[in-house]
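Contents: one structure, followed by commentary.
The numbers here are math on the coordinates, done by the rules we state, and not lab data. Here the structure is a predicted model, which means the values were calculated and not measured. In this analysis, Cβ positions are derived from the backbone assuming ideal geometry, glycine residues included, and neighbour counts consider all displayed protein chains.
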Amino acid sequence: MIDNRKDLVPVMIGYGFKDTLLKYLDKVKSAVFFPTESLPKSALRVFEKYKDSQIVKIEVNREPVNRVLQKVLNIITFGGFEMAKKRLSYDDMFHLYMIVELDIGVKLKIEKNQKINIEEVKSYKLERNDMMITIDRPLTLQSMFKNTIDKVGAYRFYIYSAFKNNCQRFILDILQSNNLGNPEMVKYILGNH
């Protein structure tokens, strides 16, 4: 069966069958399970509750990705996960997230998995390898997200892709779109430290 939809043509140019199939499956998954350009309900509830609170500090953390999860990722990407690790000369893969401290004393964990997750954190201890950013100007949760979406676009902000719109890109986009961090932070996020 030939699909003559014009929206698939640009996707197919310069890509192999596997790349095209993965992109198409990612679009279907996103459309069915995670509506485009919106936060999931659980994250939206937390966002709405704290969107006008001032951010006083951001801690960026990276944790090694569980070995079992790495095997699952390799299976669902048809070996692409391991190939990407080899191409990038990575021995291990890391998951990044932010702990955002608000002026009212609340701490939020913000991360991007298959969807954006925002949750309250009751207790969090700064680890030796975490990177901390003190916010020296007014910045609310809402303005931080808006600045990021305005700079990188809603698709890149909300939609997950293991290789392009992942947790690493998400954290880096937020920091760079809000003029936060420094070259050392970028190296940390990219795993070059």
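Data for the structure
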quantity	calculated
Residue 166 long-range amide H proximity, modeled H, under 5 Å	161
Nonlocal amide H pairs with residue 121, under 5 Å, H built at 1.01 Å	107, 108, 109
Cα shape, the stretch 48-193, gyration tensor, a/c 1.5 rule	prolate
Dimensions (Å) - the stretch 54-125, Cα atoms, principal axes, largest first	45, 21, 18
Cross-link pairs beyond the 18 Å C-alpha cut-off, checked among 107/187; 146/187; 107/164; 23/146; 57/107; 49/107	107/187; 146/187; 107/164; 23/146
Residue 151 paired with residue 113, simple spin-label distance in nm, labels 7 Å along Cα-to-beta-carbon	2.7 nm
Cα gyration tensor shape for the stretch 92-178, rounded if a/c is under 1.5, else prolate or oblate	oblate
